[in-house]
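Chemist: Take this structure first; my questions come after.
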């Protein structure tokens, strides 16, 4: 703009002095005429006199009129501009640096409907616009405001006033007088746009699947003549619930429903935390077992088909986490509601048999089987890996177990394997060795975890196409998604229990060596805290199966004895426990022992024996991470708490890992998480 103004002034200056330039030009021509001849000189002199008179008249008299016309035009043009701005349809106002009105047009006056607003502050009418909101530089800042039931998008821009350099318009003195800035404010009415955006949001399509978790088990507890009534009552509750929110629900199978609704209806359901989950449990016509529901919803996808796909993934997550909950999935995140009741153990073993046959076919089609558990391998992970190694060996396949860190809890078992002449020297391999062994005709079996980053060698999951997952932990959105076969049963007490069941269907008249049976039995015993927690009929059946094959309780107990330092560390963790909020025991396990995470888990179990302790949390520093072991009996869902910290597990046994924090920071993070919980989370 400055360059354009300078160029315009230069052209006007040339227009003013061009008569004088022409006079000089003709003077030179006349002088040259005298050198040509006398007649030419006289003629040119007469012509020069006439031109000189005309030029002087034009310069001294016509210039003043031209300047007056220019000034008049400029004044008229300024008035036209001012009039156009005054009558501009877009509301417009000028503010000083403090936010006070100095001028506004008619459209803006129509918004406020005030007679006089000059020198009043804009925040008086629009609290969202404060002195801090006004831009400090020349950029445009947008603010959303609402006034008199209308929505406006306000564009604020800071405009400097006064001379831009010291050489123009009076130099330094003028600059001091005029320096400062004004703020222009354009108000754009976006009420209709927001209205349509809201309508589009509220009418967006949401898909949902609703499954009965324990349909068959609940019917078995009711007399034959009452079964149809129980089904009818449950279906009535489901239909009544969704019709209340103007949703459509269609029954797909005896225990499955599909629902569609608007986003506005779904938001109301979510605000009520899907209370149909609790309502269905109250249906009782003599059934000894309450019916529970699992629900999965998909939304915010690019297409309706994408939302249905999200809903299908969500219901898989809900079932994989134990049921009795609602899972909501969109492109950015997964949310969980409910899931506070224990999953009912299923008496039928049909699923275990089907999975066993599918796993057998996979193993038979491969030449190499690599088995791995989770990082910092515990005895349940180790025992389950031994069971899968045993299955591959009985089918004549080469197999290896991937272990990087040998903890104190599994060292006696590994040493027993290594000292035996019946096993290959390369039975246990590290991650780097497993990567070298992996080939096109290899399969990876992951046990006791379903999170890719928690496995001993996450790189293997990308190198091998055939992946099998066997786990008993509740699933989250961070799970192994490219598994060829996935068998996740959250009701199972341990991975060793699941593997023990599978082995019965995979190998006829299976025989185990003592150390193999002991490893599987030890995994069940540790994860159930000596058969005191999370045990069912199938847990004891698996233990009995292992006992028949040679597992010895006394021998396993000897293998689990701690050294004196570990026992002291556990006692120290219990002694220094803090009872937070009168219900949560929090302590730190000393890390000066060989396997502090194992000792921490044992200390967490010990703290549950103290009155008033509803849940225990032991923090352990190990390998540049803070490990949290969480335990509870029945009142607190520690899995929900650990999920908020990036971990997971079961309702009564869970854990998490924190990085880039020290012990005190981890303790404060845990306390803030406990403070943020409400009754629905517990």
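Chemist: Kindly rank 139-152, 648-661 from highest to lowest mean number of other beta carbons found within 10 Å of each residue.
Modeler: 648-661, 139-152
Chemist: Given q = 0.12, 0.13, 0.20, 0.22 Å⁻¹, what are the Debye log10 I(q)/I(0) values for region 203-338, with equal point scatterers placed on the Cα positions and solvent ignored?
Modeler: Values, matching the q order: -0.44, -0.51, -1.13, -1.33.
Chemist: In deg cm²/dmol, rounded to 500, what helix-only [θ] at 222 nm does the chain give when every DSSP H run of at least 4 residues adds -39500 (n - 2.57) and the total is split over its residues?
Modeler: Mean residue ellipticity, 222 nm, calculated: -14000 deg cm²/dmol.
Chemist: On average over all directions, what projected area in square nanometres does region 517-593 have, based on the convex hull of its Cα atoms?
Modeler: 6.6 nm²
Chemist: Cα axis of helix 564-575 to longest principal axis of the chain: angle in degrees, 0 to 90, nearest 10?
Modeler: That helix lies at roughly 60 degrees to the long axis.
Chemist: If you don't mind, there's one more thing I want to ask. What is the Cα centroid distance between region 101-124 and region 408-463, reported in whole angstrom?
Modeler: One Cα centre to the other: 75 Å.
Chemist: Additional query: Please tell me the relative contact order of region 258-331 in percent, rounded to the nearest whole number, where contacts are Cα pairs under 8 Å and at least six residues apart.
Modeler: 27 percent
Chemist: Sticking with this one: What is the helix-to-structure angle for 537-548, meaning the angle in degrees between its Cα long axis and the longest Cα principal axis of the chain, kept from 0 to 90 and rounded to the nearest 10?
Modeler: The angle comes out at about 50 degrees.
Chemist: Do you know the relative contact order of the chain, to the nearest whole percent, from alpha carbon pairs under 8 angstrom that are 6+ apart?
Modeler: Here the relative contact order equals 6 percent.
Chemist: Relative to the longest principal Cα axis of the chain, at what angle does helix 663-675 sit, 0 to 90 degrees, rounded to 10?
Modeler: The angle comes out at about 90 degrees.
Chemist: Which values, in whole Å and largest first, are the semi-axes of the equivalent ellipsoid of region 566-675 obtained as the square root of 5 times each eigenvalue of the Cα gyration tensor?
Modeler: Square roots of five times the eigenvalues give 18, 16, 12 Å.
Chemist: When only Cα pairs under 8 Å and 6 or more residues apart are kept, what is the percent relative contact order across region 368-484?
Modeler: Worked out over region 368-484, it gives 30 percent.
Chemist: Using a 10 Å cut-off around each Cβ, can you sort 30, 377, 191 from fewest to most neighbouring Cβ atoms?
Modeler: 191, 30, 377
Chemist: Largest first and in whole Å, give the semi-axes of the chain's equivalent ellipsoid, each being the square root of 5 times a Cα gyration tensor eigenvalue.
Modeler: After diagonalising the Cα gyration tensor, the semi-axes are 82, 34, 27 Å.
Chemist: Next question. For region 351-401, what is the convex hull volume of its Cα atoms per residue in Å³?
Modeler: So the per-residue Cα hull volume is 76 Å³.
Chemist: If neighbour count is taken as other Cβ atoms inside 10 Å, put 589, 496, 457 in order from fewest to most.
Modeler: Ranked by crowding around the Cβ, least crowded first: 457, 589, 496.
Chemist: By count of other Cβ within 10 Å, fewest leading, how are 395, 475 ordered?
Modeler: Final ranking by Cβ density, sparse to dense: 395, 475.
Chemist: Give me log10 I(q)/I(0) at q = 0.14 Å⁻¹ for region 350-559, Debye formula, one equal scatterer per alpha-carbon, no solvent.
Modeler: Once normalised to I(0) and log-transformed, intensities are -0.75.
Chemist: May I pose another question? For a protection proxy built on the mean count of beta-carbon atoms within 10 angstrom, sort 638-646, 546-554 highest first, please.
Modeler: Descending packing order for the listed peptides: 638-646, 546-554.
Since every read-out is calculated from the coordinates, none of them should be taken as a lab result. These figures come from a predicted structure and were not determined experimentally. Note that we place each Cβ from the backbone using ideal geometry, even for glycine, and neighbour counts take in every protein chain shown.
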